[in-house]
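> Please find one structure pasted underneath; my questions will follow.
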Ligand code: MV4
């Protein structure tokens with residue numbers, strides 16, 4: 001086994017890996033950006049090295065800086081976590097060339113699965129089929145119309161080098177083909193640097209079911225059950241569970257065996273996930289994720305296996321200590337992702353900032369995988385996952401009840417979180433009866449009452465920040481909790497790491513000002529990038545007409561004019577990075 005491992009990541013997954021290392025007596029090495037100098041993963045690791053920089057590109061994606069940290073720390077292996085370098089074959093090769101082990105699959109497997117067409121072909125070769133579609137690149141919009149005429153609409157246009165929902169466009173009819181293809185290509189080029197697209201029949205109400213696999217370097221490969229991740233919005237998962245409920249045992253077994261065939265077929269090693277869409281008692285291979293996933297804990301809770309420990313053992317060359325028949329699943333596990341976002345009636349607005357209080361729940365069957373503690377800051381520059389709440393119950397109903405209890409016990413202040421949305425899902429009869437699909441949160445769930453504490457603290461009449469204090473009082477022998485708003489406590493020492501990096505506060509992210517006031521000043525509701533301007537100065541626009549396309553939260557969003565009029569002034573151009581409240585244009 002390794003004696004020292006570097007974790008090329010941050011947040012809860014870095015913490016998760018550090019914990020596994022400690023249990024195996026492996027020394028852990030953290031790396032950190034300027035903003036993360038004092039972050040939880042840095043505090044918990046045995047050693048930590050600065051990468052410099054603030055944005056992900058300057059820090060956790062800076063190959064040179066990470067290679068330096070590897071060399072200085074003399075780490076023998078690197079765990080990439082998820083995101084960042086986890087599915088980057090070049091990074092895996094560049095550390096392997098230096099004699100350092102990549103805790104993950106071989107670069108060749110990453111490459112096969114990174115290209116969605118070759119991933120489809122790899123599955124077809126071992127007899128596992130995907131949704132009806134083509135493995136040819138789209139050269140001409142006419143191909144899409146021909147496919148639609150033959151298989152019927154809707155049709156999905158997908159980025160060949162895409163993933164996570166980016167670059168996928170659904171085409172409702174022949175008239176929408178050209179615009180959808182253009183948008184798919186633009187998204188694909190912006191994200192993946194390549195705009196090749198292919199076609200599939202679009203399934204309208206599928207569930208997202210995925211299979212966890214483990215493969216060692218001795219040719220053994222097993223599946224560790226399935227997970228359902230259908231409760232998601234805009235390709236961001238909200239809630240995951242294991243096992244996938246309501247699927248006949250023989251279908252689950254067939255999917256597990258199909259997943260092992262796909263993994264073995266590409267000489268896979270380490271933990272991986274094979275994704276399927278499941279609709280009307282049929283399953284269709286979608287893609288394979290060649291990394292440890294965010295939702296891996298639900299599989300751990302029902303299998304008793306520590307997947308990070310298994311990754312470390314596999315990377316060290318050990319043989320799996322169990323076979324398929326030794327894997328027994330028991331009970332039901334649910335995970336809720338707690339993101340620093342205000343559900344805001346379904347808009348899910350980012351809510352970065354300082355966490356003034358973080359109390360995680362405890363109790364039987366309750367696990368908290370967090371990346372932050374009280375007084376830590378959630379930066380706008382990184383993924384805003386604060387932590388994951390995971391529960392186990394003897395069956396699904398017990399797990400749902402336990403999760404509701406645990407969420408109600410969680411107390412996070414200073415930032416908004418997705419807890420109200422999680423509760424809305426868990427309390428819904430459609431979720432209880434497994435009537436939901438991947439479109440359900442967006443199309444059926446009513447989130448109009450789901451909102452969380454404001455991102456910006458309330459202020460008094462002088463504009464000073466106030467914070468909520470809950471005070472316990474006793475009235476006639478009965479205990480009450482009374483909330484009072486008092487001036488925010490300013491720490492005695494100024495400056496220091498946290499003080500130095502605190503960003504200036506922009507307008508409240510909860511008040512989509514233009515949307516509420518119907519003003520002529522069109523602003524963006526969240527941080528993102530302007531992809532395209534749809535109007536020019538002097539153009540007349542209708543109320544509700546889109547003025548620009550904003551890429552935010554991994555999706556293209558239209559930003560609409562609230563009032564009709566003439567575009568007087570445009571304040572942004574394509575390619576600009578914008579923040580919540582920034583003005584796009586003024587309409588008079
Ligand atoms: C689909 C689909 C329906 N039909 N493909 C979205 C992310 C990307 N990995 C594949 N995705 C989908 N592909 C066909 N032919 C529906 C989705 C999809 C989805 C898939 C998994 C989890 C959540 C999803 C949410 C919306 C759409």
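The values are calculated or read from the model by the stated rules, or taken from the named source; none is laboratory data. Quick caveat, the model's predicted, so the values are computed rather than measured. Here Cβ is always computed from backbone atoms with ideal geometry, including for glycine, and neighbour counts include all displayed protein chains.
> In this structure, does residue 157 turn out to be buried (at least 23 other Cβ atoms within 10 Å of the Cβ), outside the structural domain of residue 279 (by TED's automatic domain parsing) and touching a helix residue (DSSP H, G or I) at 6+ places or on another chain (Cβ under 6 Å)?
For residue 157, the condition - buried (at least 23 other Cβ atoms within 10 Å of the Cβ), outside the structural domain of residue 279 (by TED's automatic domain parsing) and touching a helix residue (DSSP H, G or I) at 6+ places or on another chain (Cβ under 6 Å) - is met.
> Taking the stated definitions as given, is residue 95 farther than 21 Å from residue 267 by Cα, in the same structural domain as residue 10 (by TED's automatic domain parsing) and in contact with a helix residue (DSSP H, G or I) (Cβ under 7 Å, 6 or more places away or on another chain)?
Considered against the rule, which asks whether it is farther than 21 Å from residue 267 by Cα, in the same structural domain as residue 10 (by TED's automatic domain parsing) and in contact with a helix residue (DSSP H, G or I) (Cβ under 7 Å, 6 or more places away or on another chain), residue 95 comes out as no.
> For residues that are modelled with pLDDT under 90 and either within 9 Å of the ligand (Cβ to nearest atom) or at positive phi (or both), tally how many sit in the range 150-164.
Final tally of qualifying residues: 3.
> Being within 15 Å of the ligand (Cβ to nearest atom) and modelled with pLDDT of 90 or more is the requirement here; does residue 147 meet it?
yes
> Could I ask something else about it? Among the residues that make up the range 173-185, is at least one of them free of Cβ contacts under 8 Å to residues at least 60 places away in the same chain, surrounded by fewer than 18 Cβ atoms within 10 Å (Cβ to Cβ) and within 11 Å of the ligand (Cβ to nearest atom)?
So far as the range 173-185 goes, no, none of its residues is free of Cβ contacts under 8 Å to residues at least 60 places away in the same chain, surrounded by fewer than 18 Cβ atoms within 10 Å (Cβ to Cβ) and within 11 Å of the ligand (Cβ to nearest atom).
> On the basis of being within 18 Å of residue 252 (Cα to Cα), modelled with pLDDT of 95 or more and out of contact with any strand residue (DSSP E or B) (no Cβ under 6 Å at 6 or more places or on another chain), does residue 328 make the cut?
Yes: the conditions hold for residue 328.
> Quick test of your reading of the structure: residue 103 fulfils all but one of (1) out of contact with any strand residue (DSSP E or B) (no Cβ under 6 Å at 6 or more places or on another chain); (2) away from the ligand (no atom under 15 Å from the Cβ). Name the failing condition by number.
Going through (1) out of contact with any strand residue (DSSP E or B) (no Cβ under 6 Å at 6 or more places or on another chain); (2) away from the ligand (no atom under 15 Å from the Cβ) one by one, residue 103 breaks only (1).
> Any residue in the range 317-328 that is on the phi < 0 side of the Ramachandran plot, assigned to a loop (DSSP other than H, G, I, E, B) and within 19 Å of the chain's Cα centre (by Cα)?
No, because not a single residue in the range 317-328 is on the phi < 0 side of the Ramachandran plot, assigned to a loop (DSSP other than H, G, I, E, B) and within 19 Å of the chain's Cα centre (by Cα).
> Is it the case that the range 177-196 has a residue that's over 17 Å from residue 284 (Cα atoms), under 19 Å from the mean Cα position of the chain (by Cα) and part of a strand (DSSP E or B)?
no
> What's the number of the only condition in (1) within 13 Å of the ligand (Cβ to nearest atom); (2) without any contact (Cβ under 8 Å) to a residue 12 or more places away in the chain that residue 142 fails to meet?
Every condition holds for residue 142 apart from (1).
Conditions tested, residue by residue: (1) assigned to a loop (DSSP other than H, G, I, E, B); (2) free of Cβ contacts under 8 Å to residues at least 40 places away in the same chain.
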| site | (1), (2) |
| --- | --- |
| 6 | no, no |
| 31 | no, yes |
| 53 | yes, yes |
| 59 | yes, yes |
| 83 | yes, no |
| 86 | yes, no |
| 93 | no, yes |
| 98 | yes, yes |
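> How many residues are part of a loop (DSSP other than H, G, I, E, B), out of contact with any strand residue (DSSP E or B) (no Cβ under 8 Å at 6 or more places or on another chain) and buried (at least 16 other Cβ atoms within 10 Å of the Cβ) when one looks only at the range 140-154?
0
> Look at residue 196 and say whether it is away from the ligand (no atom under 16 Å from the Cβ) and in the same structural domain as residue 150 (by TED's automatic domain parsing).
So residue 196 fails the test.
> Which fully enclosed helices (runs of 4 or more DSSP H) of the range 382-439 have 1 or more residues being more than 22 Å from the chain's Cα centre (by Cα) and farther than 16 Å from residue 366 by Cβ?
Per the criteria, 396-409, 429-432.
> Can you confirm whether residue 167 is within 14 Å of the ligand (Cβ to nearest atom), farther than 30 Å from residue 4 by Cα and either touching a helix residue (DSSP H, G or I) at 6+ places or on another chain (Cβ under 6 Å) or in contact (Cβ under 8 Å) with a residue 40 or more places away in the chain (or both)?
The answer is yes for residue 167.
> When residues of the range 129-139 are filtered for being within 13 Å of the ligand (Cβ to nearest atom) and surrounded by 17 or more Cβ atoms within 10 Å (Cβ to Cβ), how many remain?
Number satisfying all stated conditions: 3.
> Next question. Do we find that residue 188 is crowded, with 22+ Cβ neighbours inside 10 Å, farther than 30 Å from residue 402 by Cα, in contact with a strand residue (DSSP E or B) (Cβ under 6 Å, 6 or more places away or on another chain) and not assigned by TED's automatic domain parsing to the domain that holds residue 312 in this structure?
When the stated conditions are applied, residue 188 passes them.
> Restricting attention to the range 100-109, report how many residues are touching a helix residue (DSSP H, G or I) at 6+ places or on another chain (Cβ under 8 Å), farther than 22 Å from residue 29 by Cα and buried (at least 24 other Cβ atoms within 10 Å of the Cβ).
The total comes to 0.
> Would you tally the residues in the range 32-61 being crowded, with 18+ Cβ neighbours inside 10 Å and within 21 Å of the chain's Cα centre (by Cα)?
Of the residues in the range 32-61, 10 are crowded, with 18+ Cβ neighbours inside 10 Å and within 21 Å of the chain's Cα centre (by Cα).
> When you look at residue 536, is it assigned to a loop (DSSP other than H, G, I, E, B) and more than 13 Å from residue 585 (Cα to Cα), yes or no?
So residue 536 fails the test.
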